[in-house]
2 protein chains.
Amino acid sequence: MPAHPQTSTAAVVAAGRRLLEERGVDALTMREVADAVGVRAPSLYKRVRSRSDLFRLVLEDVADELTSVLDAAAMTGDPVADLGAMAAAYRRFAHANPVTYTLMMAPQAIPGATARSVRSSATFLNTVARLAGPMHALPAARTIVAWAHGFITMELAGAFRLGGDVENAWDFGLNRILAAIRRPAD
Amino acid sequence: MPAHPQTSTAAVVAAGRRLLEERGVDALTMREVADAVGVRAPSLYKRVRSRSDLFRLVLEDVADELTSVLDAAAMTGDPVADLGAMAAAYRRFAHANPVTYTLMMAPQAIPGATARSVRSSATFLNTVARLAGPMHALPAARTIVAWAHGFITMELAGAFRLGGDVENAWDFGLNRILAAIRRPAD
DNA sequence: TGGTAAGGCTAATATATTTAGCCTTCACGG
DNA sequence: CCGTGAAGGCTAAATATATTAGCCTTACCA
């Protein structure tokens, strides 16, 4: 009955991403994805090599979107303001995509996707360099990213259980770290 | 033929942990675990409720060990030295158990295991309080843990690809953050 | 108008987890 | 002694999944 396309790789990836985010990693079965795009499971193999390949494509999609979000966040030219905005955008993205964000940053996931979102953000490194000086730009950038990623991961994991104000902890950490990273004398 | 025990829950968990760490998450099958402890797969259900229950038990085991390691690391009484030692011990543990460490900290994993390792470390919070003052102890502790966890995760994920000295970035981050967290006036 | 390739489909294969139900051994009370 | 019951194995079977094989239809194009 079917002639040419009834779906597309992009639709398959989008369905997989939605499924992953809304119903978790175990719900990403070929059967569910196929249902979502309106074909039978074996037909998906005309679009993706395998389930793990679909996984990879979904996470790359997420990484690409994160990169865009970050690149669009630095606007003012003031390094402290811009880094704050990028960190906030980063956190907002993770909150909007908790499952896929976490998976994207996990080791087994994609060799490359983690680095991808960061590496491609030359904007970020430049902004850090303006704050920390070129000598310390790389370790300073690593400090900020590590903190932000760690904070968000723990937050999403529900690891902050001792009460207190999590927003306050975010602001505290961001302010202290940016201050600590500023180059001593200029 | 068999009468009483041929294995034990502890042995099953230990085998699962070894398998997970050495061969990755896909290798943790009931069949492999059963082979490792010398029984057939269905017999494992006399020990654990399900595969995901075994998963949970393995990660709890890892979390408990991490807690012990951290509690043992603070020795000198000087908060900066002690926090540095705890951070180093934390990182060393993660390097020795990369797969299970990462899984333990992942959201879907165990509601509780993430918090567990941190919450049970009252030692850590006390040490931070001595450095940051009681007002800021909680956000300061969250800043340190977030940074350390984020750094280690990215490091294990191979996210630090822009060259540079990763050891140097660790020392840089630790020193700057500890300095930034110290209470302004005392 | 007929060949061809894209893109569906069903059927079959292989591997997982998990449940059902059986069988043997041991400890222990009569 | 012996018989009984529970612990803890086992095999067989049910269910779910990814994946492969091979077929069939449609649209395009020479």
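The values are calculated or read from the model by the stated rules, or taken from the named source; none is laboratory data. Quantities reported herein were computed from a predicted structural model and do not represent experimental measurements. As a convention, Cβ positions derive from the backbone with ideal geometry for all residues, glycine included, and neighbour counts pool all protein chains shown. Just so you know, the surface numbers come from the protein's heavy atoms only, side chains and all, with ligands and any DNA or RNA stripped out. Shrake-Rupley method; radii C 1.70, N 1.55, O 1.52, S 1.80 Å.
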### Query
In the stretch B:150-179, which residue that is open to solvent by less than 20 Å² (accessible area, probe 1.4 Å), of a type in the set (Gly, Ala, Ser) and modelled with pLDDT of 95 or more is nearest to A:Met154 (Cα to Cα)?
B:Gly150
#### Entry: Which numbered condition A:Tyr45 misses (of (1) surrounded by fewer than 20 Cβ atoms within 10 Å (Cβ to Cβ); (2) among the aromatic types (Phe, Trp, Tyr); (3) more than 15 Å from DNA strand C (Cβ to nearest atom))
(3)
### Query
Only one of (1) within 16 Å of DNA strand C (Cβ to nearest atom); (2) open to solvent by 60 Å² or more (accessible area, probe 1.4 Å); (3) assigned to a helix (DSSP H, G or I) is not met by A:Ala3, so which one is it?
(3)
### Message
Cβ contacts < 7 Å: first residue more than 11 Å from chain A (Cβ to nearest Cβ), restricted to the stretch B:90-102; second residue charged (D, E, K, R), any location; separation 6+ or different chain. Result?
### Response
B:Asn97/B:Glu21; B:Thr100/B:Arg17; B:Thr100/B:Glu21
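Can you find a residue that is within 15 Å of DNA strand C (Cβ to nearest atom), farther than 30 Å from B:Ala132 by Cβ, touching a helix residue (DSSP H, G or I) at 6+ places or on another chain (Cβ under 6 Å) and outside any helix (DSSP H, G or I) anywhere in the stretch B:28-40?
Within the stretch B:28-40, one or more residues are within 15 Å of DNA strand C (Cβ to nearest atom), farther than 30 Å from B:Ala132 by Cβ, touching a helix residue (DSSP H, G or I) at 6+ places or on another chain (Cβ under 6 Å) and outside any helix (DSSP H, G or I).
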## Note on the structure
The condition from (1) assigned to a loop (DSSP other than H, G, I, E, B); (2) modelled with pLDDT of 95 or more that A:Ala140 misses is numbered (1)
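Considering only the stretch A:2-57, how many residues are among the small types (Gly, Ala, Ser), within 20 Å of A:Val99 (Cα to Cα) and more than 8 Å from DNA strand D (Cβ to nearest atom)? Don't jump to the end; show me each part of the working.
Start the filter on the stretch A:2-57 by keeping residues that are among the small types (Gly, Ala, Ser), which leaves A:3, A:8, A:10-11, A:14-16, A:24, A:27, A:34, A:36, A:38, A:41, A:43, A:50, A:52.
So of that shortlist, the ones also within 20 Å of A:Val99 (Cα to Cα) come out as A:10-11, A:14-16, A:24, A:27, A:36, A:52.
With more than 8 Å from DNA strand D (Cβ to nearest atom) added as a condition, the list becomes A:10-11, A:14-16, A:24, A:27, A:36.
The qualifying residues number 8.
Each row is one residue, and each column tells you yes or no for (1) free of Cβ contacts under 8 Å to residues at least 24 places away in the same chain; (2) within 7 Å of another protein chain (Cβ to nearest Cβ); (3) under 26 Å from A:Val128 (Cβ atoms).
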site: B:Asn126; (1), (2), (3): yes, no, no
site: B:Gly133; (1), (2), (3): no, no, no
site: B:Ile152; (1), (2), (3): no, no, yes
site: B:Ala159; (1), (2), (3): yes, yes, yes
site: B:Glu167; (1), (2), (3): yes, no, yes
site: B:Gly173; (1), (2), (3): no, yes, yes
site: B:Ile177; (1), (2), (3): no, yes, yes
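What residue, of A:Asp61, A:Asp78, is touching a residue at least 40 places away in the same chain (Cβ under 8 Å) and either within 14 Å of chain B (Cβ to nearest Cβ) or more than 14 Å from DNA strand D (Cβ to nearest atom) (or both)?
Numbers: A:Asp78 fails: touching a residue at least 40 places away in the same chain (Cβ under 8 Å).
Going through A:Asp61, A:Asp78 in turn, just one is touching a residue at least 40 places away in the same chain (Cβ under 8 Å) and either within 14 Å of chain B (Cβ to nearest Cβ) or more than 14 Å from DNA strand D (Cβ to nearest atom) (or both): A:Asp61.
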### Query
Which condition number does B:Glu21 fail, the rest of (1) within 14 Å of chain A (Cβ to nearest Cβ); (2) acidic (Asp, Glu); (3) surrounded by 13 or more Cβ atoms within 10 Å (Cβ to Cβ); (4) within 16 Å of DNA strand C (Cβ to nearest atom) being met?
(4)
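State the number of residues belonging to the stretch A:33-42 that are buried (at least 16 other Cβ atoms within 10 Å of the Cβ) and not β-branched (Val, Ile, Thr). Explain how you work it out, then say what you get.
Looking only at the stretch A:33-42, we keep the residues that are buried (at least 16 other Cβ atoms within 10 Å of the Cβ), and these are A:33-34, A:36-37, A:39.
Filter once more, so that each one left must be not β-branched (Val, Ile, Thr): A:34, A:36.
Number of matching residues: 2.
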### Message
Would you confirm, using the coordinates I've provided, whether A:Met104 is in contact with a helix residue (DSSP H, G or I) (Cβ under 8 Å, 6 or more places away or on another chain), in a helix (DSSP H, G or I), closer than 30 Å to A:Asn175 by Cα and in the same structural domain as A:Asn126 (by TED's automatic domain parsing)?
### Response
yes
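Quick check on this structure: which one of A:Leu54, A:Leu83 is over 28 Å from A:Phe172 (Cβ atoms) and surrounded by 14 or more Cβ atoms within 10 Å (Cβ to Cβ)? Full working, then the answer.
Values: A:Leu83 fails: over 28 Å from A:Phe172 (Cβ atoms).
Matching residue, one of A:Leu54, A:Leu83: A:Leu54.
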### Query
Taking the stated definitions as given, is B:Leu70 in the same structural domain as B:Ala122 (by TED's automatic domain parsing), more than 27 Å from B:Leu178 (Cα to Cα) and at pLDDT below 95?
no
